[in-house]
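Just below is one structure, and these are the notes that go with it.
The values are calculated or read from the model by the stated rules, or taken from the named source; none is laboratory data. Worth saying up front: this structure is predicted, and the values here are computed from it rather than measured. Heads up, the Cβs are rebuilt from the backbone with ideal geometry, glycines too, and the neighbour counts pull from every protein chain shown.
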Amino acid sequence: MTEARQRGFEVIKEFQGKDIALPERKTAASAGYDLQAALDCIVPSGEMTMVPTGLKAYMQPDEVLAIHIRSSLAVRQKLMLMNSVGVVDADYYNNPDNEGHILIAFWNPGKESVAIKKGERIAQGIFQKYLTVDGDRAGMGLERLGGFGSTGHK
């Protein structure tokens, strides 16, 4: 008997066969799964760059994948996440726009451009349960139709 899938990562079709590593926790007490850059990218000074991971995440309907910058990029390279903490909802997985591709939005407030290399660990993903309020009716008949930034769009 096979166990039902609970949560995890998959490589999106566009990046299959392109040496994309599935995220791992590096120690037994690590909360986050390290996500790597799928391509070489430059984050120019004063600008935002979307760095592809080549990954999508599946999880339970009452879970979220929180995306946090790795402290090494924040402290050493002075990068920030454009949205402070990325939120990957359960229904982002396999959406029709981009298959649920996880993109990391970096902002560079520094004076120098920052190079990110393919395979560099750039963010941590932490799966979390969340709570809803009494009488919550979100999702009653609505289905996510878009990709990045599409929650609430019709």
Can you give me the number of residues within region 3-18 that are touching a residue at least 12 places away in the same chain (Cβ under 8 Å), assigned to a loop (DSSP other than H, G, I, E, B) and not β-branched (Val, Ile, Thr)? 4
Options Asp97, Asp134: the member that is modelled with pLDDT under 95 and under 20 Å from Phe15 (Cα atoms): Asp97
Show me the strands (runs of 3 or more DSSP E) entirely contained within region 47-122 in which 2 or more residues are out of contact with any Gly (no Cβ under 8 Å at 6 or more places or on another chain), on the phi < 0 side of the Ramachandran plot and not aliphatic (A, V, I, L, M). 48-52, 86-89, 103-107
Answer from Ala37, Ala28 - the residue that is within 20 Å of Ile12 (Cβ to Cβ) and of a type in the set (Gly, Ala, Ser): Ala37
Against the definition (under 15 Å from Phe9 (Cβ atoms) and either touching a Pro at 6+ places or on another chain (Cβ under 7 Å) or among the small types (Gly, Ala, Ser) (or both)), how does Gly86 come out, yes or no? yes
Taking into account only those residues within region 28-76 that are β-branched (Val, Ile, Thr) and modelled with pLDDT of 95 or more, which is surrounded by the fewest Cβ atoms within 10 Å (Cβ to Cβ)? Ile42
